[in-house]
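The values are calculated or read from the model by the stated rules, or taken from the named source; none is laboratory data. Computed from a predicted structure; not experimentally measured. A quick note on method: Cβ atoms are made from the backbone with ideal geometry, for glycine too, and the neighbour counts reach across all protein chains shown. Keep in mind that these areas ignore ligands, DNA and RNA; they rest on the heavy atoms of the full protein, side chains included. Shrake-Rupley method; radii C 1.70, N 1.55, O 1.52, S 1.80 Å.
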Amino acid sequence: MRTRPLSIAVLLVAAASLTACHPGAPVFDGTVDGCTPDVRPGEATGQVRVEAGDGAPSVDFEAPLVTDGTQAQVSGGEGRRAADGDIVDAQYVVYSGKTGELISTSYQEAGQALPPANALRLTAGSENALAAATTCAAPGGQVILTTTIADLFGPTAASEELDIAPTDTAVVVLEVTDVHPGRAEGTPKPGVQGMPAIALATDGRPGVTFPGGPAPADLTVMTSIEGDGEEVQEGDSLLLHYTGIVWETEEVFDSSWESGAPATFTIDDANLIPGFVDAVVGQPIGSQVVVSIPQELGYDDPATRPASIGEGQHLLFVIDILDRLEPTAG
């Protein structure tokens, strides 16, 4: 099988999903270390052979390969296995089942993985084939997914150069680098008088009910969920979900929930407004904090203030501190 690397830009935005298959793997009994995947393996995934290497994995199958629906098989890995809503980081290769050609990859031609920003960050169990296949994956594990080009890249995805059509099979191999909680995990704490009440949707998305009075005059931090991880230090790189609201108008002006993925921030005043940093530093990983920020600790400079925030208005942030990320080179 030829493995001619091709730019990911040739196709549309890639979603992702994972499963791994190895010759001689045990018969699938419906679970992976007691975890039940959202997507099951099948005949197509059983025909894909994967060998891990220092860089991109070696993938072999007999083309043309046709899948009967979406199939995925998760294997290997240790530690937290992804449940629906968890965040999965992975490097990937995508092949055409029709031709055996490499369609896209997060690995450089030399075989080395690109920085995490160039890899995949998926919400396990969400409504696409790739992310659905990540349930039960664990750090260090590998996943093989067989699905259609349309399910992977969208219903109109096609390329004459790559000789692929929407109904053709796509073969995806993900090497899972990490799994993070997708919401704050800890002990619920009582509210604080004068601060909004927080109600959570089933996926952890916060709903905010304001108390009807003015915002606190000073920076006010309320812990709504107390995590049990290590305390955040200034300069840490964190994975966060957040919602930012203008107190006086009760209008959302920024939200990672709305963008569909958590954000990565370095916690210092060079990257964030001072009130946000003050609210997060010292909090245990896994916590959810609610902070009311006066303008002098928010967007005090009119030149950098978002248009949706008026002069003298206060900000309200609900912040889920999901995980600390390891520094990466490059």
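Given the Cα-Cα distance of Asp203 and Ala261 and 0.36 nm per residue of separation, how much length would full extension add, in nm?
The span from Asp203 to Ala261 would gain 19.6 nm if fully extended.
Length gain on complete extension for the stretch Thr187 to Asp218, per 0.36 nm per residue less the alpha carbon to alpha carbon distance?
Taking Thr187 through Asp218 to full extension adds about 8.6 nm, to one decimal.
Could you tell me the center-to-center distance, by alpha carbons, between segment 256-297 and segment 184-252 in angstrom?
Their Cα centres are 10 Å away from one another.
Apply 1/(1 + (r/R0)^6) to the Cβ-Cβ distance of Ala270 and Asp33, taking R0 = 45 Å, and write down the FRET efficiency to the nearest 0.05.
0.60
Where only protein heavy atoms count, and the probe is 1.4 Å, what is the accessible area per residue for segment 212-324 in Å²? Let's see the in-between values first.
Working: 4760 Å² over 113 residues.
Spelled out: the 1.4 Å probe surface of segment 212-324, per residue, equals 42 Å².
Would you please put 300-307, 278-285 in order of how densely packed they are, using the mean number of other Cβ atoms within 10 angstrom per residue and starting with the highest?
Answer by packing, highest mean first, reads 278-285, 300-307.
Given contacts defined as C-alpha pairs under 8 Å and at least six residues apart, what's the relative contact order of the chain, whole-number percent?
17 percent
Do you know the relative contact order of segment 172-266, to the nearest whole percent, from alpha carbon pairs under 8 angstrom that are 6+ apart?
After rounding, I find 24 percent.
So what is log10(I(q)/I(0)) for the chain at q = 0.07, 0.08, 0.11, 0.12 1/Å, when the Debye sum runs over its Cα atoms only?
Result of the Debye calculation: -0.34, -0.44, -0.75, -0.85.
Quote the relative contact order of segment 117-221 in percent (integer), defining contacts as alpha-carbon pairs under 8 Å separated by 6+ residues. Each step should come with its number before you reach the end.
On the way: 126 pairs, mean separation 19.5, N = 105.
The normalised contact order for segment 117-221 reaches 19 percent.
On average, how much area does the Cα convex hull of segment 257-330 cover when viewed from any direction, in nm²?
Approximately 6.2 nm², given one-decimal rounding.
How much length is gained if the chain between Glu43 and Glu62 is pulled fully straight, taking 0.36 nm per residue apart and subtracting their Cα-Cα distance, in nm to one decimal?
Difference between extended and current length: 5.6 nm.
What is the packing order of peptides 38-47, 251-260, taking the mean over residues of other C-beta atoms within 10 Å and listing the highest first? Could the numbers behind the result be given before it?
Working: 38-47: 20.3, 251-260: 14.2.
With the highest mean Cβ count within 10 Å placed first, the list reads 38-47, 251-260.
Between Gln233 and Asp300, what's the calculated FRET efficiency when r is the beta-carbon distance and R0 is 22 Å? Round to 0.05.
It comes to 0.35.
Hey, with R₀ at 56 Å, roughly what FRET efficiency would Phe253 and Thr156 work out to, going by the Cβ-Cβ distance, to 0.05?
It comes out at approximately 0.95.
Quote the accessible area belonging to Thr156 in square angstrom, nearest 10, computed with a 1.4 Å probe and with ligands, DNA and RNA left uncounted.
Result for Thr156: roughly 110 Å² accessible.
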